[in-house]
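Quick notes on the structure that follows.
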Amino acid sequence: AYIVEVVSGEDFKVYCITHIFGPLGMESSSFSWSDLDMSKAVTLYLQNRMPIAPYDDQLYPGGSLKTSVEDFARFMMVYMNGGIYKGNRILSEQSINDILTLQNPATGKCLVWDQSAGNWYSHSGNVDGAGAHVDFQRDRKLGFMIVGNMTATPVYPGGQIYDIVRHEANRY
């Protein structure tokens, strides 16, 4: 976020709204709950099934994007389409390539995404009350996102839901 702010001269949140969320039509996305229509938000639950109030955590700007499946699908399409969404350039192709370049072969880590066998890229997020996992194959333009509104949900690799969805995705 700091580098984006120095280079652009804009606050990181404003930059994201102006240059990413806005052009992608991501109207249900923010790093802060106060920016969102709470009537569309789900209840968050701890693993013991206790509901918790929405909260902004300390992961900003490295994580904790609050978003809808539809909004994040648009974001994922930018990566699969070399930085373009519906004919509009959102990120340069070089930026996409740099972001998806393997940085540590031992761990499969790129910059933000993890790379695994079959040229799959993935990213997981987990905070109290929510979990999400995204996988995509850029060359096949195939991807999926699994979200849950509970801590330690089975959306991650090795979890029952993930295994079923990944198996079905591989059929396409």
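Observations, loosely collected:
- A cut-off under 14 angstrom between Cβ atoms defines the neighbours of residue 142, and their net charge, with Lys, Arg +1 and Asp, Glu -1, is +2.
- Ranked by the mean number of other Cβ atoms within 10 Å of their residues, highest first, the peptides 27-35, 100-108 come out as 27-35, 100-108.
- Based on Cα contacts under 8 Å between residues 6+ apart, the chain shows a relative contact order of 16 percent.
- What the Cβ-Cβ distance of residue 107 and residue 41 gives, at R0 = 30 Å and to the nearest 0.05, is a FRET efficiency of 0.35.
- For the residue pairs 13/86; 86/109; 40/109, alpha carbon separations beyond 27 Å are given by 86/109; 40/109.
- Heavy-atom accessible surface of region 1-102: percent carbon and sulfur, 1.4 Å: 56 percent
- Correct choice for P(r) over Cα pairs in 10 Å bins from 0, in percent that was computed from the model, options [x] 12, 41, 36, 10, 1; [y] 9, 34, 39, 17, 1; [z] 9, 33, 34, 19, 4, 1, 0: [y]
- Overall shape: oblate for region 30-70, with the ratio a/c of the largest to smallest alpha carbon gyration tensor axis at 1.5 or above and b/c at least equal to a/b.
- Accessible surface calculations at 1.4 Å, restricted to protein heavy atoms, place the chain at 59 Å² per residue.
- Carbon-plus-sulfur accessible fraction, region 104-172 (probe radius 1.4 Å, protein heavy atoms only): 56%.
- Positive-pole candidate from 91, 29, 61, dipole of the chain, charges at beta carbon: 91
- Relative to the Cα centre, the charge distribution of region 1-124, modelled as +1 at Lys and Arg Cβ and -1 at Asp and Glu Cβ, gives a dipole magnitude of about 320 debye.
- Label-reachable residues, region 128-151, where backbone N falls under 18 Å from a point 7 Å from residue 119's Cα toward its Cβ: 135-144
The values are calculated or read from the model by the stated rules, or taken from the named source; none is laboratory data. The structure presented is a predicted model; accordingly, all values stated were derived computationally and were not measured. Positions of Cβ are backbone-derived with ideal geometry, glycine not excepted, and every protein chain shown enters the neighbour counts. The area values use the complete protein model at the heavy-atom level, side chains included, leaving out ligands, DNA and RNA. Shrake-Rupley method; radii C 1.70, N 1.55, O 1.52, S 1.80 Å.
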